[in-house]
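The values are calculated or read from the model by the stated rules, or taken from the named source; none is laboratory data. No experiment lies behind these values; they were computed from the predicted model shown. Backbone-built Cβ (ideal geometry, glycine too); neighbour counts: all protein chains shown. These accessible areas exclude ligands, DNA and RNA; they are computed on the full protein's heavy atoms, side chains included. Shrake-Rupley method; radii C 1.70, N 1.55, O 1.52, S 1.80 Å.
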Amino acid sequence: MRSPARTTALASAGLAATLVALVAVVVLSGATPKAPPPGLPDPGRVVGWALPVSRLISDLFATVTVGFLLVAVVLLPSGSRLEGLAVQAVRLASKAAWIWAIAALVHYWANVADLYARPMSGVEIGQLVDFAWLFSTGRGLLLQALAAIIVAAWSQWTFSVRQLAVCIVVALGGLIALGMTGHSASAGSHMLATAGLVLHLIGVVLWVGGLIALAWVALRGSKRLPDALSRYSTLAAWCFAIVAVSGIVVAIVNVGSLGGLQEPYGFLIVAKALGLIGLGVFGVLQRRRIREQGGSFVRLALVEVALMVLTVVVAVVLGRTPTPVGEDVLTTRAELLLGRPLPPEPTWGRALIGFAPDGVGLAIVALGAALYLTGLRVLRRRGIDWPIGRTISWFVGLAIVAWSTFGGLGVYAGVAFSLHMVSHMMLSMVAPIFLVLGAPMTLALRTLPGPRRPGEHAPRSLLRDALHSPLSKFYTHPVIAAVIFVGTLYGVYFTSLFEVLMRTHSGHAFMEIHFLFSGFLFYYVMIGVDPSPRRLGPLARFGVLMLSVPFHAFFSVALMSSSTIVAKSYYEGLDRPYLTDLAHDQYLGGGIAWAMGEVPLLLVVAAMFVQWFRSDAREAARTDRAADRDDDAELEQYNAYLARLRQHDAARSPK
Ligand code: HEM
């Protein structure tokens, strides 16, 4: 077992070597900070180096923070309150998060200095504020720093598994904000590049962070390492796939063509791809070694971590290297609003089979399909059957999400209000019906790794706790679910929110996710087959459903009869050569909302009656089985009760 002091010395030496590697990669890739042409203001070399150094430290310590929290909450088995090494891991996570927060704030500051071309000491408060107010990159970097501060402070004061699990979510939230910055913020297929980078960053911090923290557990000589390793190995396989696919997707958007690989950015991409292949080989070797020889994990892990950190160094330099496609891919107003070229006039063919590079939709469908299929494979390996109806329903739901986001409908969802409304209705009213009938939570609860010893927390118990948490109880209250479901319509379209959300790509992504979530939540409560902290009777659910119908209809009629054009300047800004009558297009959109609102609700009523009928049948069968088991003791008791009543009446009635 290695003493904490020696482990710290090893970590400091590792950090020093990483900074040297950064300088080397910056110099070799020609990204050394240079003075601007004469006459242009110069922020100076300090700013030039502060940018990559602070970014690297912030990326690395974000990774370490998430890694140590992951080890404490998920990988190292323990009870509801942490003990032993898990407690030390949380303390280290909190320290790492403070370093992450400071580095993220310095990175923010250096960006402002770079933008206003002045030394960091010369940056004014107003400029610091403006950067967040005026630029999405500023907002992303500030949100990341905020998330780091929350995680650092919160993890310093709690050892509750649930609260620390929330800290992991907050940390990943900070990385989502980071994914909205950098090249992807100005890339050609913006929605694809940002969603790809977000997934890439999340995959990297879970994979690299998990391995760094496990190497620390091994250096501490913990007996729980084998348990932690087997849990990590599944996660590592998923992260490897996500990092590879998302990295390649973002690389394609930024490199543009094979020719682009001959530029410095392209070389760095190839270097990263080699890094990934190397890590893949190491991963397989590590698994085989542990399985066959039970050999020491730590040496190979430290080599793997060194290769991972080197790849992160290359990534940080990549983020500062001009992309082959350049920044000005999108030029027209319509392209800047849509994040891609304006599509040709919609036809049935185009609306049915078109493709739009919508990263959010692609990520939801790809992850939804991969996770569900993995669950089915686990059940099949255990010889457990899963109703085929549920699988079909799940994939029908995913197909509808695909069509509404990156399919033909997705192509026009940002272009015309009427087609946006079809996409919205599909995402919030139709797809969720099929998704909830796919019973994803039940599948997850049956296939996620469970506790190895009684009382131990594990991924399965974490999900169960989340499903029964006070927050879940609040959201699955039928009134809350209905208000979110119907209220979204009024809140988004009868305020300026719709225009704000349509004008930003993160706003567009937020709308897609919110529409799907609000629909999923509503139908989860209405017809969900998964475990829920609240289970209303069929009549009560029917009541809530019927209550939501008029609000939906009223929304549609109000939209159709409104003289105000929603998001007028956005649609005028598109200047599309078709569907030019905005008022008529909105009228059409209202009509679609009305028609498409009623049909799914009828579907739900039908599903509810089927469930009601089935639950009655199940109840009858259960009563019959009980009667068979105890010779109908219940009926006997009832008859005896009636006999006693009769005797009582007879005794009281005058002879
Ligand atoms: C096939 C392999 C990979 C490809 C094609 C790839 C591609 C990319 C691309 C295009 C970016 C965005 C850079 C920019 O802003 O322009 C990126 C960012 C990043 N990649 Fe990868 N990547 C790969 C593997 C990896 C691996 C194995 C790691 C770590 C172990 C990694 C860590 C990162 C990090 C940390 C960033 C964000 C850097 C920043 O802070 O801006 N990537 N990657």
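When region 157-193 is filtered for residues that are within 18 Å of residue 103 (Cβ to Cβ) and more than 19 Å from the chain's Cα centre (by Cα), only 182 remains. Taken over region 155-176, residues that are closer than 27 Å to residue 83 by Cα and within 15 Å of the ligand (Cβ to nearest atom) amount to 2.
Please verify whether residue 556 is assigned by TED's automatic domain parsing to the domain that holds residue 500, open to solvent by less than 60 Å² (accessible area, probe 1.4 Å), within 21 Å of residue 429 (Cα to Cα) and of a type in the set (Gly, Ala, Ser), treating the condition exactly as stated. Taking the combined requirement at face value, the residue satisfies it.
Within region 487-494, identify whether any single residue is under 22 Å from the mean Cα position of the chain (by Cα) and either outside the structural domain of residue 365 (by TED's automatic domain parsing) or modelled with pLDDT under 90 (or both), and answer yes or no. No, region 487-494 contains no residue that is under 22 Å from the mean Cα position of the chain (by Cα) and either outside the structural domain of residue 365 (by TED's automatic domain parsing) or modelled with pLDDT under 90 (or both). For region 80-114, residues that are assigned to a helix (DSSP H, G or I), modelled with pLDDT under 95 and among the hydroxyl-bearing types (Ser, Thr, Tyr) total 0. Within region 298-342, can you find the residues that are touching a Pro at 6+ places or on another chain (Cβ under 8 Å) and closer than 14 Å to residue 21 by Cα? Across region 298-342, the qualifying residues are 316, 317. Taken over region 127-145, the criterion of being surrounded by 20 or more Cβ atoms within 10 Å (Cβ to Cβ) and of a type in the set (Gly, Ala, Ser) is satisfied by 138, 140, 145.
For region 238-251, the count of residues that are in a loop (DSSP other than H, G, I, E, B), farther than 17 Å from residue 319 by Cα and away from the ligand (no atom under 11 Å from the Cβ) is zero.
In region 316-354, of all residues being among the basic types (Lys, Arg) and farther than 24 Å from residue 63 by Cβ, the one that is farthest from the ligand (Cβ to nearest atom) corresponds to 350.
Taking residue 504, is it open to solvent by less than 50 Å² (accessible area, probe 1.4 Å), under 27 Å from residue 361 (Cβ atoms) and under 22 Å from the mean Cα position of the chain (by Cα)? Judged against the criteria, residue 504 is not a match.
Condition check: within 20 Å of the chain's Cα centre (by Cα) and either assigned by TED's automatic domain parsing to the domain that holds residue 581 or surrounded by 17 or more Cβ atoms within 10 Å (Cβ to Cβ) (or both). Does residue 424 satisfy that? Yes; evaluated as a whole, the condition is true for this residue. Scanning region 64-84 for residues that are within 16 Å of the ligand (Cβ to nearest atom) and open to solvent by 10 Å² or more (accessible area, probe 1.4 Å), we see that the one that is farthest from the chain's Cα centre (by Cα) is 64. Of all the residues in region 336-365, those that are open to solvent by 40 Å² or more (accessible area, probe 1.4 Å), in a helix (DSSP H, G or I) and touching a residue at least 60 places away in the same chain (Cβ under 8 Å) number 3. Within region 252-270, the residues that satisfy the criterion of being near the ligand (Cβ under 9 Å from one of its atoms) and in contact (Cβ under 8 Å) with a residue 40 or more places away in the chain are 253, 254, 255, 265, 268, 269.
Only one of the numbered conditions (1) touching a residue at least 40 places away in the same chain (Cβ under 8 Å); (2) within 10 Å of the ligand (Cβ to nearest atom); (3) of a type outside the set (Ser, Thr, Tyr); (4) within 18 Å of residue 251 (Cβ to Cβ) is not met by residue 179, and that is (1). When the test is whether a residue is polar (S, T, N, Q) and touching a residue at least 12 places away in the same chain (Cβ under 8 Å), residue 495 does not pass it.
Across region 298-315, which residue is surrounded by the most Cβ atoms within 10 Å (Cβ to Cβ) among those that are more than 10 Å from the ligand (Cβ to nearest atom) and within 17 Å of residue 236 (Cβ to Cβ)? The residue in question is 301. For region 450-476: of the residues being part of a loop (DSSP other than H, G, I, E, B) and surrounded by 16 or more Cβ atoms within 10 Å (Cβ to Cβ), which is farthest from the chain's Cα centre (by Cα)? Going through the qualifying residues, I end up with 457.
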